[in-house]
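Nothing in this text is a laboratory measurement; each read-out follows from the coordinates by a stated rule. These numbers come from a predicted model, not from an experiment. Here the Cβ is made from the backbone with ideal geometry for all residues, glycine too, and neighbour counts use every protein chain on show.
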Amino acid sequence: PGTSPHRCGTCEGTGFVVASVGGAFSMNETCPACGGRQLVYDEACPTCHGSGRGTSARTIQAKVPAGVKDGQRIRLRGKGAPGERGGPAGDLYVSVKVTPDRVFGRKGDHLTLDVPISFAEAALGAEVKVPTLGGTPVTLRVPAGTPNGRTFRVRGKGAAKSDGTRGDLLATVEVQVPAHLSHDARTALEAYAAATADTKLRSGLFEQAEG
């Protein structure tokens, strides 16, 4: 209070200084003393340091587009700090942090899903219902002899894209091995093991190791 600005003595009120960049070349730079404002205070305000601006906090609404990715920035025009000397306000950049889902994963614009199936379903084939994100379940047709880890693609059931379309759902089957067997289940599996005893699954493994 009681102070008044006066012309900057560093730039003589022009707002810029001439800096040499080597040889006969020079360029204008913003005055470091007044920050281009042309005026300075002998005793600057301790809050804004003569800029005329202070810090504050407020809550605003930001529209998050469908399909936004983790780490993506959303630009809100005119929601940043006000400009100096009555200038226009800058922009606010919101950095998005996407919380992982308990069921679905993400691979670009596609969603991923791990689907547990039994050995019988993998060997004999089955129709398995799986969930979709925010929609009705879909049915996977698992063909007979499906190996563990095979991925099925369900088109149009993935994450939303900026153009209004959707990616795909990538469902990967995982064959589950039961930790406990009932008497009937054990008897059936023992019969299956006896019926396939002549199958040499690991013969090629030894041939490759020896060769």
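Here the sum of -39500 (n - 2.57) over DSSP H runs of 4 or more residues, divided by the residues of the chain, equals -3500 deg cm²/dmol at 222 nm, to the nearest 500. Placing +1 on the Cβ of every Lys and Arg and -1 on the Cβ of every Asp and Glu, with no other charges, gives the chain a dipole of roughly 820 debye about its Cα centre. Here the 3J(HN,Hα) profile of segment 143-154, calculated from phi with Karplus coefficients 6.51, -1.76 and 1.60 at θ = phi - 60°, is x, 4, x, 5, x, 5, x, 6, 10, 9, 9, 10 Hz, Gly and Pro shown as x.
Summarising the amide proton neighbourhood of residue 112: residues at separation of 5 or more, or on other chains, whose placed amide H is nearer than 5 Å comprise 105, 106, 107, 170.
Under 20 Å of direct C-alpha separation, and excluding same-chain neighbours fewer than eight residues apart, residue 69 reaches these aspartates and glutamates: 101, 109, 163, 168. Among 197, 57, 144, which one moves the most in a GNM of the chain with springs linking Cα atoms closer than 10 Å? The residue with the greatest mean-square fluctuation here is 197.
For segment 76-211, what is one quarter of the convex hull surface built on the Cα atoms, given in nm²? Walk me through the numbers on the way to the answer.
Values: hull surface 64.7 nm².
Convex hull of Cα atoms, orientation-averaged projection: 16.2 nm².
Distances over 18 Å make up what percent of all Cα-Cα pairs in segment 19-84? Tail of P(r) above 18 Å: 65 percent of Cα pairs. Counting only alpha carbon atoms, the long axis of helix 183-195 and the longest principal axis of the chain meet at about 80°.
Pick out which of 65, 82, 46 has the largest mean-square fluctuation in a Gaussian network model of the chain, springs linking Cα atoms closer than 10 Å. Maximum among the listed residues: 46. Amide H contacts of residue 126 (H built 1.01 Å from N, in plane; Pro and chain starts excluded): 142 sit under 5 Å, all sequence-distant by 5 or more or on other chains. Taking 25 Å as the limit for the C-alpha separation, the pairs 97/157; 97/129; 79/107; 129/200 exceed it in the case of 97/129; 79/107; 129/200.
Taking 0.36 nm per residue of separation and subtracting the Cα-Cα distance, what length does fully extending residue 10 through residue 53 add? Spell out each step's value before the answer.
Working: separation 43, 0.36 × 43 = 15.48 nm, distance 2.24 nm.
So the extension gain works out to 13.2 nm.
For the pair segment 72-134 and segment 186-207, the centres of their Cα atoms are 44 angstrom apart. Highest mobility in the GNM of the chain, judged by mean-square fluctuation with C-alpha springs under 10 Å and restricted to 187, 139, 30, is found for 187.
Can you pull out the trypsin sites (Lys or Arg not before Pro) in segment 60-128 whose DSSP state is coil and whose Cβ has at most 13 other Cβ atoms within 10 Å?
Of the trypsin sites (Lys or Arg not before Pro), the ones in loops of segment 60-128 whose Cβ has at most 13 other Cβ atoms within 10 Å are 63, 69, 77, 97, 102.
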